[in-house]
Amino acid sequence: MKTIIEPFKIKVVEPIRMTTREHREQVLREAGFNIFNIRAEDVLIDLLTDSGTGAMSSEQWAGIMRGDESYAGAVSFHRFYDRLRALTGFTHILPTHQGRASERILFELVGGPNLIVPNNNHFDTTRANVEHSGAEAVDLVIAEGRKPTTRHPFKGNLDISRLERLFADVGPQRIPLVMLTVTNNSGGGQPVSLENIKAVRKVCDRYRKPFFLDACRFAENAWFIKQREPGQRDRSVADIVREMFDLADGATISAKKDGLVNIGGVLMMRDEQLAWRARNLLILTEGFPTYGGLAGRDLEAMAQGFEEVIHEDYLQYRVRSVEYLGERLLAGGVQIVEPPGGHAVYIDAGAFCPHIPPAGFPGQALVCALYRHAGIRAVEIGSLMFGEKGRHPDMELVRLAVPRRVYTQSHVDYVIEAILEVFAQRRTLKPLEIVEAPPQLRHFTARLREVGT
Ligand code: F0G
């Protein structure tokens, strides 16, 4: 059979409240043309993020009832620990409330002034935690990873020669560890090859430096390795996942992505001494090491989620549905970051609205148009997000992040139709200007208006 179906049936439904264009127009104005200010009930299809927005399975909900809420040594912790130990092989496994809590603990321990942390591309919170420690975050993704139209099977790869040069230029004493984000969210959700992970490992071995994965989307990355990397097709995803983690000394994970849960995170490592210090920090701000700021029921849901996410029928459906969205947009003439990523499609808003300069926020104009036209909530990753102090990023993007197991193919078809209709009227999209904004992270709270209305 050619048709790939959603590998699940729907047991519980959450109604979508239909809205009219007039209503959405009013909502958009009241929100100051900022979709972060819109109530979820006014959104038809929410593609703001794939983080914490997935649907849990009946087994995960059953786990929620089984959750053991003991303060120390809960049964649920041991289920969580055993599952992650089998999946990753790490010995020290700390639960946290979400990914950035793991990052905060890690960089409080290894970061500090005058240090440099390389990565393919740091996600915003990783960068912020590196910088909060006083260190500098450096992005070393390969050149292909920075161009929307360049096709490469592993556009998330780290440029090994640039990593070598960094070690040679600044000296190994200033580099506390090397990180690799799989898949590379800030670079378009693009995967990293096993070969590249091995090459990073080699450099770290040469300089005796720890190597950590930011492994939020490890299962999607492993699926891409199985599909695209020579010699990997006959291996199981579980086997590839294990090899990815075996090559690293530790990992941070936001379980809100490939943990298939609404809240939770993990910090893992092999080093006994580092783990002892991490556990002490965990107790200080998150909680006792057998619950880490979560309820026992959350640990149960994670244990089950980390099992379900490596099922290959799930991964095939997951990655294919995102790819389908990307392919149909490209076929309709809409430029996206190619090829589509694992969890999201990124539209090149600069190409979509050539009549709007970066200073007029073409990405935000498109985000507003999608909401107004069809009630779709996407997010701008361009001059509004990164253009503080008059700087403009390399690309003006709009991200359509797909929640896991939430939307069906007809929802995806609706999104495609809406985007192509907006594309047909793209000349009518108006530039925006900022009315008020805070000095930092302005995209969350800024208020804007359309110019010429
Ligand atoms: N690392 C990556 C690669 C991420 O994508 C995220 C979150 C985090 C770390 C932080 O995890 O949110 O649990 O604290 N990404 C979400 C997104 C927010 O929309 O891409 P967190």
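The values are calculated or read from the model by the stated rules, or taken from the named source; none is laboratory data. In this text, all values refer to a predicted model and were calculated from it rather than measured experimentally. FYI the Cβ positions are ideal-geometry reconstructions off the backbone, even for glycines, and counts take in every protein chain you see. Quick note on the areas: whole protein, heavy atoms, side chains included, nothing else; ligands and nucleic acids left out. Shrake-Rupley method; radii C 1.70, N 1.55, O 1.52, S 1.80 Å.
Data table
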quantity: Sites Phe288 and Asn114, calculated FRET efficiency, Cβ-Cβ separation with R0 35 Å, nearest 0.05; calculated: 0.55
quantity: Test item: Cα-centred dipole of the range 177-286, Lys/Arg +1 and Asp/Glu -1 on Cβ, debye; calculated: 180 debye
quantity: Percent antiparallel among DSSP beta bridges (both partners in the range 58-308, rounded to 5); calculated: 50 percent
quantity: Within the accessible area of the chain (1.4 Å probe), percent carbon and sulfur; calculated: 53 percent
quantity: Overall form of the range 150-249 per C-alpha gyration tensor (a/c, 1.5; a/b vs b/c); calculated: prolate
quantity: Beta bridge orientation in the chain: antiparallel %, DSSP, nearest 5; calculated: 65 percent
quantity: Cα gyration tensor, the range 312-400 - rounded (a/c under 1.5), prolate or oblate; calculated: prolate
quantity: Range in the chain, longest, excluding exposed trypsin sites (Lys or Arg not before Pro) [loop by DSSP; at most 12 other beta-carbon atoms within 10 Å]; calculated: 234-390
quantity: Mean-position separation - Cα centroids, the range 321-384 and the range 201-253, in angstrom; calculated: 30 Å
quantity: Rounded accessible area of Ile263 (nearest 10 Å², 1.4 Å probe); calculated: 60 Å²
quantity: Solvent accessible area, Å² - Trp61, 1.4 Å probe, full protein context; calculated: 140 Å²
quantity: Nearest-20 debye value, the chain charge dipole, Cβ charges on Lys, Arg, Asp, Glu; calculated: 360 debye
quantity: Cubic angstrom per residue, convex hull over Cα atoms of the chain; calculated: 146 Å³
quantity: Expected 222 nm ellipticity per residue - DSSP helices of 4 or more, -39500 (n - 2.57), all of the chain, to 500; calculated: -12500 deg cm²/dmol
quantity: Residues Ser410 and Phe444, FRET efficiency given R0 of 22 Å [Cβ-Cβ distance, rounded to 0.05]; calculated: 0.10
quantity: Segment Glu136-Ile4, length gained on full extension (0.36 nm per residue, minus Cα span); calculated: 43.1 nm
quantity: Antiparallel DSSP beta bridges within the range 117-235, as percent of all bridges there, nearest 5; calculated: 20 percent
quantity: Among Tyr291, Val334, Met56 - extreme Cα towards positive end, dipole of the chain, charges at beta-carbon; calculated: Val334
quantity: Most to least accessible of Asp348, Asp169 (protein chains only, probe 1.4 Å); calculated: Asp169, Asp348
quantity: Crossing angle, helix 312-331 versus the chain [Cα axis fit, 0-90 degrees, rounded to tens]; calculated: 30 degrees
quantity: Sparse-neighbourhood loop sites, GluC sites (Glu not before Pro) in the range 65-111 - DSSP loop, at most 15 other Cβ within 10 angstrom; calculated: Glu69
quantity: Partner lysines for Lys209 [C-alpha distance under 21 Å; skip if fewer than 8 residues away on the same chain]; calculated: Lys198
quantity: Debye, to nearest 20: dipole size of the range 58-308, +1 on Lys, Arg Cβ, -1 on Asp, Glu Cβ; calculated: 540 debye
quantity: Gyration tensor verdict on the range 58-308 (Cα atoms; rounded if a/c is under 1.5, prolate if a/b is larger than b/c, oblate otherwise); calculated: oblate
quantity: Extension gain from Leu330 to Arg270, taking 0.36 nm per residue of separation minus the Cα-Cα distance; calculated: 17.2 nm
